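Comments concern the structure below.
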Amino acid sequence: MLVCISPAKKLDWSPVDRADLTRPDFGKEALSLAKTARGLTLQGLQDLMHISPDLARLNRDRFKAYSDAPAADAVRPAALAFAGDTYQGLEAATFSDDDMRYAQDRLRILSGLYGVLRPLDQIQAYRLEMGSRLKTRRGKSLYEYWGADIAKALNAQAAAQDTDVLVNCASQEYFGAVDLKALKLRVITPQFLEVKDGTAKTVSFFAKKARGAMARFMVQNRVQDPAALADFDLGGYEYQPDQSTLQSPVFSRPYAGPAKA
């Protein structure tokens with residue numbers, strides 16, 4: 001099985017000593033998008049991503065610095081560069097070498113700039129959410145820009161691993177970029193719930209972290225059978241068979257209190 005997750009706005013650009021970085025499959029497309037974004041004014045970037053003037057300046061500088069031949073200190077492996085909630089659950093920095101090799105084959109990160117990333121694909125610092133309405137020659141949004149490309153890439157990568165199952169641990173914003181008409185894979189979307197006073201609900205912070213933990217579970221346990229997803233128990237979650245379907249396994253746990261960043 002493949003498993004996909006979302007990227008994160010927060011980045012960790014601390015030094016990483018790895019000689020096994022790979023190039024993203026959609027490197028040319030990423031460069032084209034970066035060139036388009038660098039042509040926007042500061043106000044344009046603010047409006048595009050709903051960010052502060054300071055963040056607009058930071059990301060203007062990132063897009064201006066973006067290069068098709070970046071220096072070694074300008075790139076990081078994708079799984080170690082992102083540092084948001086999902087990546088707290090993934091904890092890729094603690095993967096063994098064997099884990100990382102397995103993840104390279106089975107874990108995919110959906111990206112507004114890069115389309116689809118493998119864990120060791122080298123990325124440059126950026127911020128460009130998939131929901132951004134960046135106008136390009138392909139359309140008025142990144143969804144239109146990517147079209148069926150992401151779905152076709154996932155099809156090919158799944159075929160290379162001899163699987164027809166994709167576990168979707170990405171957000172709706174990012175998985176919305178996967179053209180389901182073009183996707184030939186069976187999609188399984190786990191749900192993670194917090195239970196308080198007998199009521200189960202999704203809490204965004206915890207759900208994001210749990211999605212990363214599910215990806216970690218699949219990597220470390222080499223999960224290839226959808227039925228084995230029911231064994232997921234990281235973070236105190238338990239599989240709920242009565243609430244689950246084949247396409248949407250449900251996991252819940254007692255509510256742990258307000259989310260702590």
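In the set Gln172, Gln124, only one residue is out of contact with any Asp or Glu (no Cβ under 8 Å at 6 or more places or on another chain), under 30 Å from Ala256 (Cα atoms) and not small (Gly, Ala, Ser); that residue is Gln172.
Can you list the strands (runs of 3 or more DSSP E) found entirely within the range 175-230 that contain at least 2 residues being in contact with a strand residue (DSSP E or B) (Cβ under 9 Å, 6 or more places away or on another chain) and within 15 Å of Leu154 (Cβ to Cβ)?
Details: elements: 186-188, 191-196, 199-201.
Ranges flagged: 186-188.
Taking the numbered list (1) farther than 24 Å from Met214 by Cβ; (2) modelled with pLDDT of 95 or more; (3) touching a strand residue (DSSP E or B) at 6+ places or on another chain (Cβ under 9 Å) in turn, Leu110 passes all entries but (1). Taking the range 61-80 on its own, how many of its residues are in a helix (DSSP H, G or I), under 20 Å from Arg118 (Cβ atoms) and not small (Gly, Ala, Ser)? Total satisfying the criteria: 1. Among residues of the range 103-131 that are crowded, with 24+ Cβ neighbours inside 10 Å, those with a beta-carbon under 7 Å from a residue that is among the polar types (S, T, N, Q) and in a strand (DSSP E or B) at least six positions away or on a different chain give the pairs Leu117/Ser111; Asp121/Thr22.
Only residues that are outside any loop (DSSP other than H, G, I, E, B) and more than 13 Å from the chain's Cα centre (by Cα) were counted across the range 136-153, and they come to 11.
Residues are listed down the side, and each one gets a yes or a no for (1) within 20 Å of the chain's Cα centre (by Cα); (2) surrounded by 15 or more Cβ atoms within 10 Å (Cβ to Cβ); (3) of a type in the set (Asp, Glu):
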position: Asp225; (1), (2), (3): no, no, yes
position: Tyr237; (1), (2), (3): no, yes, no
position: Pro241; (1), (2), (3): no, no, no
position: Ser248; (1), (2), (3): yes, no, no
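Kindly check whether there is at least one residue in the range 77-91 that is closer than 17 Å to Leu2 by Cβ, polar (S, T, N, Q), crowded, with 16+ Cβ neighbours inside 10 Å and in contact with a helix residue (DSSP H, G or I) (Cβ under 8 Å, 6 or more places away or on another chain). Talk me through it step by step, then tell me what you get.
Residues of the range 77-91 that are closer than 17 Å to Leu2 by Cβ, as a first pass: 78-79, 86, 90.
So of that shortlist, the ones also polar (S, T, N, Q) come out as 86.
Subset that is crowded, with 16+ Cβ neighbours inside 10 Å: 86.
Filter once more, so that each one left must be in contact with a helix residue (DSSP H, G or I) (Cβ under 8 Å, 6 or more places away or on another chain): 86.
Checked the range 77-91: at least one residue is closer than 17 Å to Leu2 by Cβ, polar (S, T, N, Q), crowded, with 16+ Cβ neighbours inside 10 Å and in contact with a helix residue (DSSP H, G or I) (Cβ under 8 Å, 6 or more places away or on another chain).
Of the residues making up the range 86-124, those that are of a type outside the set (A, V, I, L, M), within 11 Å of the chain's Cα centre (by Cα) and outside any loop (DSSP other than H, G, I, E, B) are Thr86, Tyr87, Arg108, Ser111, Gly115.
For the criterion of being within 23 Å of the chain's Cα centre (by Cα) and surrounded by 16 or more Cβ atoms within 10 Å (Cβ to Cβ), Ala19 fails.
Of the residues Ala159, Ala153, only one is hydrophobic (A, V, I, L, M, F, W, C), in contact with an Asp or Glu (Cβ under 8 Å, 6 or more places away or on another chain), at pLDDT 95 or above and more than 19 Å from Leu229 (Cβ to Cβ); which? Answer to the check: Ala153.
Look through Arg127, Arg133 and report the one residue that is over 19 Å from Cys4 (Cβ atoms), assigned to a loop (DSSP other than H, G, I, E, B), charged (D, E, K, R) and within 17 Å of the chain's Cα centre (by Cα). So the residue among Arg127, Arg133 that is over 19 Å from Cys4 (Cβ atoms), assigned to a loop (DSSP other than H, G, I, E, B), charged (D, E, K, R) and within 17 Å of the chain's Cα centre (by Cα) is Arg127. Taking the condition in contact with a Pro (Cβ under 9 Å, 6 or more places away or on another chain) and more than 30 Å from Tyr255 (Cα to Cα), does Arg137 pass? No, not satisfied. Annotation note: of Leu58, Leu2, Leu31, Leu11, the sole residue that is at pLDDT 95 or above and over 23 Å from Arg118 (Cα atoms) is Leu58.
The values are calculated or read from the model by the stated rules, or taken from the named source; none is laboratory data. Not measured: the values here are computed from a predicted model. Cβ sites come from the backbone with ideal geometry, for glycine too, and all protein chains shown count toward neighbours.
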